[in-house]
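These notes are about the structure you will find just below.
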Amino acid sequence: MRKTNERGPSIRRRLFTLLLVPAALVLAAGTLTDYLASRSPLRDAYDQALIDAAIAIAAYVEPDARGNATLTLSPHAIALLRSDSSDSIYFQVSGANGRYVAGDAGLPQLHQTVSNPARGDAHYGGERIRMVAYRAMTTAGPIIVTVAETMHKRDNTLNRILSSALLVDAAQLSLVLLLIWLGVRLAMVPLHQVEKQIGSRSPRDLAALPTAEVPVEILSLVKTINRLFNVLRDTGSAQRRFLESAAHQLRTPLTGVQAQLELLAAEATEPNQERLERVLDATRRLAHTTHQLLTLARSDEAANLNWDFTSLDLAQLVESIVTQRLATADLAGIDLGAQIEPARVRGVAWLLEEALGNLVNNAIAHTPGGGSVTVQCGSEHGAAFLEVIDTGVGIPPAERQHVQERFFRASNARGNGTGLGLAIVNEVAQLHGAGLSIDAGPNERGTAIRLTFPPEAGTSV
Amino acid sequence: MRVLIVEDDPLIADAVRQALLKSGFAADIVTSAEAAASALQAESFDLAVVDIGLPREDGLHLVRRLRAGGKSTPILMLTARDGLSDRVNALDLGADDYMTKPFEVAELVARCRALIRRANSAANNQLSFGGLQLDMTHHALSIGSRPVELTQREWSILECLVLNAGRIVSKDRLMSSVTDWTEELTPNAIEVYVSRLRGKLGDAARIRAVRGMGYRIDEKNK
């Protein structure tokens, strides 16, 4: 369940995506706006410095002896004007008709615009430059002072602004991300609790889930699950009632017929006696098969949804079965014994009794007179086990996995068993989460069949 | 010896009655819990064989009612259901034994006899088992009319086995029946006592060892 969840759609992932992507986009847009908004005041401030310089230069333009405009600024002052730590500063003074007066002769000229001073960008000396052109009326007539500078400090400042904005926005984004993550996690807690509640239940536990703490969003889901549990419970009980009724309906007439035949056979004289004995024998087999089939049906998981698993003493179980089967073993000339170490399991008592009874029956049926059958219980590495070991004909290794199938009988099986015994054992083992292993007995003789139960704590139901 | 059979299936009831009659019991049949209650009230029975699956009031209910009313007649329950819970319920409610259908008639008769014997021994402190007569008051054993000398420990072991006839009694249990807190006894000592006891019982009863579990006393003819 958990595994498929990782791959399938996830509400948490969906919430993350739906919240994070728009939040990231909004923050990115904010950064861009900040950047664009800070660009023009910055440009204006630097432009103003150029304009101030142009105005200052214009003040030093005077007419010379011939009336032509000339720059009277000393070379020292010009050097001062040009000095800048990061940018190259250029200027040019020209007359109104475009006549060169002073400064950098090749400096590009701005197109004249209405605004004064005019501002613009150009390329000069292989670099981008920013220019201002200031038209002024001097005593030497109209002039244009153009001042330009390379863009280094503007670019640096913009970069600094951009990077600090990015830093702040990245911090904001991380904070938002963290808050969303925490929020989504907290919001999912009630869902996880319901999931855990369902996940930690035993498959046999069909009690309704409590709905008091369930969030409204999944309340109807939980209620539907509860309805389903209810249906399963009812189905399980109905199946059980049916099987109990079937057991009663089948066994009662069989008991009567078998008991009457037993009396008749005891009273009859030859040749009727022999015939009655044969009919009695067939009736016993019929009764046995009926019992086995009913047990098999009732050991089925579906019929056992509501069985009460209780803590059971395996030693008691072994004693009970050995006591019951002692007479049969005596008749067959088999030494039936036990080796009992204390062990407890959680289980359904009558089913374990059926399983062990079948194992002992099989062992007695397939062991020649003079042999022995030993029933063991105990625990190994914390796991309780039940084992039946015989010195009989054994099960050929190739057939060991098939003998658990219904109606399968090993090729060397003796007598006329139903072929259901080990199928019952297998069903009972599965219901108890127990492992079933079939091996040869000691010294590679006979058969050893073992049920290994899960540690008792692990099977709590 | 009179047995009341409470069974609504005529074929089974008749077979049980015939078998009991042949073994020297008297037997009457009723087919409902209500009829059983009034029959047990009105007359004296040594044993009741009660089917659990009766119409209307079931057998378990009947047993509870009888025991609650102070009736101590031994009760053998019959059921067509497997499921240990029925057995546990039956024994908890005060039934004395339990058999699952289908059963062997011969075994049913043997169990009836054992139940009646146990009830009588409790009443008059005399217990007979196979060829053995045990005087529980005086701790005296006789076979036929011949008294048999037993030591205190041999008696304790025999008493423990006979009182649990049909069941396997572990060596530990036998050991605790022959010793008090001050004594130390090895499992081997039990084997010695049992072997002496076997010699004294002769053919009257058989004490058999069950490997890994303990001892069980059987009537010799079994």
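What the table below lists for this structure:
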quantity	calculated
For chain B, built as a Gaussian network whose Cα springs stay under 10 Å, the top-fluctuating residue of B:Ser142, B:Ser32, B:Ser128	B:Ser142
For segment A:308-459: relative contact order, % (alpha-carbon pairs under 8 angstrom, 6 or more apart)	24 percent
Integer Hz, Karplus 6.51/-1.76/1.60 couplings in order for segment A:28-44, x for Gly and Pro	5, 4, x, 4, 5, 4, 4, 4, 5, 5, 7, 6, 6, x, 5, 4, 4
Subset of B:Lys171/B:Lys200; B:Lys71/B:Lys171; B:Lys22/B:Lys101; B:Lys71/B:Lys101 violating a 30 Å alpha-carbon distance limit	B:Lys71/B:Lys171
For segment B:24-83 versus segment A:49-84, the gap between their alpha-carbon centres in whole angstrom	135 Å
Backbone N within segment A:116-147 under 18 Å of label point (7 Å from A:Thr72 Cα along the Cβ vector)	A:136-145
Beta bridge orientation in segment A:308-459: antiparallel %, DSSP, nearest 5	80 percent
Per-pair calculated FRET efficiency, R0 = 60 Å: B:Glu149 and A:Phe242 via Cβ, rounded to 0.05	0.45
Segment A:326-391 and segment B:114-129: distance between their alpha carbon centers, rounded to Å	33 Å
Rounded, prolate or oblate (a/c below 1.5 giving rounded, otherwise prolate when a/b exceeds b/c) for segment B:1-71 by Cα gyration tensor	oblate
Cα gyration tensor shape of segment A:269-399, rounded if a/c is under 1.5, else prolate or oblate by comparing a/b with b/c	oblate
Segment A:218-303, relative contact order in percent, only Cα pairs under 8 angstrom and at least six apart counted	35 percent
Largest-first ordering by accessible area, 1.4 Å probe, given options A:Glu127, A:Glu354, A:Glu444	A:Glu444, A:Glu127, A:Glu354
Projected label distance in nm at B:Lys22 and A:Arg13, using a 7 Å step from Cα toward the beta-carbon	7.7 nm
Kirkwood Rh, Cα atoms: Rg over Rh of the protein assembly as shown	1.49
222 nm mean residue ellipticity, helices alone, for the protein assembly as shown (DSSP H n ≥ 4; -39,500 (n - 2.57); rounded to 500)	-17000 deg cm²/dmol
Length added when fully stretched, A:Phe408-A:Ala28, from 0.36 nm per residue minus Cα-Cα	129.5 nm
Rounded, prolate or oblate (a/c below 1.5 giving rounded, otherwise prolate when a/b exceeds b/c) for segment B:2-124 by Cα gyration tensor	rounded
19 Å cut-off, amide nitrogen to a point 7 angstrom out along A:Asp64 Cα→Cβ, residues in segment A:130-152	A:138-146
Accessible area, probe 1.4 Å, largest first, for residues A:Thr323, B:Thr186, A:Thr255	B:Thr186, A:Thr323, A:Thr255
Per-residue mean of C-beta atoms belonging to partner chains within 10 Å, peptide A:315-327	3
Virtual spin-label span in nm between A:Val216 and B:Val192, 7 Å along Cα→Cβ	8.6 nm
Positive-end residue of A:Ala122, A:Ala136, A:Ser85, charge dipole of segment A:79-171 with Cβ unit charges	A:Ala136
Contact order relative to length of segment A:1-200, as percent, for alpha carbon pairs under 8 angstrom and 6 or more apart	24 percent
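The values are calculated or read from the model by the stated rules, or taken from the named source; none is laboratory data. Only a predicted model underlies this, so the values are computations on that prediction, with no experimental measurement involved. Here the Cβ is made from the backbone with ideal geometry for all residues, glycine too, and neighbour counts use every protein chain on show. The area values use the complete protein model at the heavy-atom level, side chains included, leaving out ligands, DNA and RNA. Shrake-Rupley method; radii C 1.70, N 1.55, O 1.52, S 1.80 Å.
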